[in-house]
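Just below is one structure, and these are the notes that go with it.
Values quoted throughout were computed directly from the atomic coordinates according to the rules given, and no laboratory measurement underlies them. This structure is a prediction, so every number in the text was calculated from the model and none was measured. Here Cβ is always computed from backbone atoms with ideal geometry, including for glycine, and neighbour counts include all displayed protein chains.
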Amino acid sequence: MALIYAGIRCELREVALADKPAPMLEISPKGTVPVLQLADGKVLEESLDIMLWALKQVDQQHWLMPPQTNDMLHLIERNDGDFKHHLDRYKYPNRHEKTRNSNVYARQHRDAACEFIVQLETQLTATTFLFGNKPALADVAIFPFIRQFAANNPKWFSQTPYPRVQRWLQNWLDSDLFKLAMHKQVPWQAEDTPLMLDQRQSFAAPVPAGE
Ligand SMILES: N[C@@H](CCC(=O)N[C@@H](CS)C(=O)NCC(=O)O)C(=O)O
């Protein structure tokens, strides 16, 4: 989403995680997506690094939002740390806990994850987005994880006392930018003609509107 927002011209290679292409593993042996290789050969293999790099190139709507960049990075750190820890255990209790009742285990982690949701709900009390009335880096870095959290049990999530988070999430899910970014391609193959990101979508896609 950050690459599309910034209008970065780059080649897109869809990866099937069950069949990772050798050129990807050569430049990034840790084998996670996304991976971005820059024109000078430098490799970025963390999504936050890719977002920050893209926004440093072009950031017309000020997603980096100085001087609040560091506050946003702190919230993203909580998301990627504590919240992600509980999200993984809520989604896949059996991978983490073999002996105890996995329903109880999942629920404990769901409840622990809600501490972060409560913080987001508080931040959304006075504003449409996390750091004001327009979208910014923190919204885009965090909402995909809240999407996963909600999707694990949509009925339960829709009944939680977090109406602002629910509305904020829905706003992002409905956005053209998200739909463009989620558009799936067939996995890349070495003989393919390079597919440029801007060939499959219009650039500078509209982001959700503030109030
Ligand atoms: N912290 C990394 C996490 C990346 C990550 O774990 N991506 C998953 C897909 S969402 C992956 O590539 N998993 C490797 C696999 O399933 O083999 C980032 O944000 O870039």
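A few points about this structure:
- When Rg and the Kirkwood radius Rh are both evaluated on Cα atoms of region 84-198, their ratio Rg/Rh stands at 1.07.
- Computed from point charges on the beta carbon alone (+1 for Lys and Arg, -1 for Asp and Glu), the dipole magnitude for the chain about its Cα centre is near 760 Debye.
- Rg and Dmax [Cα atoms of region 1-61; Å; Rg one decimal, Dmax integer]: 12.0, 37
- Modelled spin labels at Ser158 and Lys98, positioned 7 Å past Cα toward Cβ, are 3.8 nm from each other.
- Where a label projected 7 Å from the Cα of Gln61 along Cα→Cβ would reach, residues of region 8-44 with amide N under 15 Å: 8
- Signed unit charges on C-beta, dipole axis of region 1-153, positive-most listed residue Leu52, Trp63, Pro144: Pro144
- Burial order of peptide ranges 146-155, 164-173, 183-192, 130-139 (average beta-carbon count within 10 Å, highest first): 130-139, 164-173, 146-155, 183-192
- Prolate is the label for region 71-111, because the ratio a/c of its alpha-carbon gyration tensor axes (a ≥ b ≥ c) is 1.5 or higher and a/b is greater than b/c.
- Computing FRET efficiency as 1/(1 + (r/R0)^6) for Lys84 and His183, where r is the C-beta to C-beta distance and R0 is 41 Å, gives about 0.95.
- Directionally averaged projected area (convex hull, Cα atoms, the chain), nm²: 13.1
- Order of Glu115, Glu26 under a 10 Å beta carbon neighbour criterion, fewest first: Glu26, Glu115
- 19 Å Cα-Cα reach of Lys20 towards lysines, excluding residues that sit fewer than 8 places from it in its own chain: Lys30, Lys184
- Normalised by the number of residues in region 69-173, the average gap of Cα pairs under 8 Å and 6 or more apart makes the relative contact order 27 percent.
- Rounded Å value of the spacing that divides the Cα centres of region 67-89 and region 45-60: 17
- Here is the list for region 28-111: trypsin sites (Lys or Arg not before Pro) lying in DSSP coil, each with at most 16 other C-beta atoms within 10 angstrom of its C-beta, are Lys30, Lys42, Lys98, Arg100.
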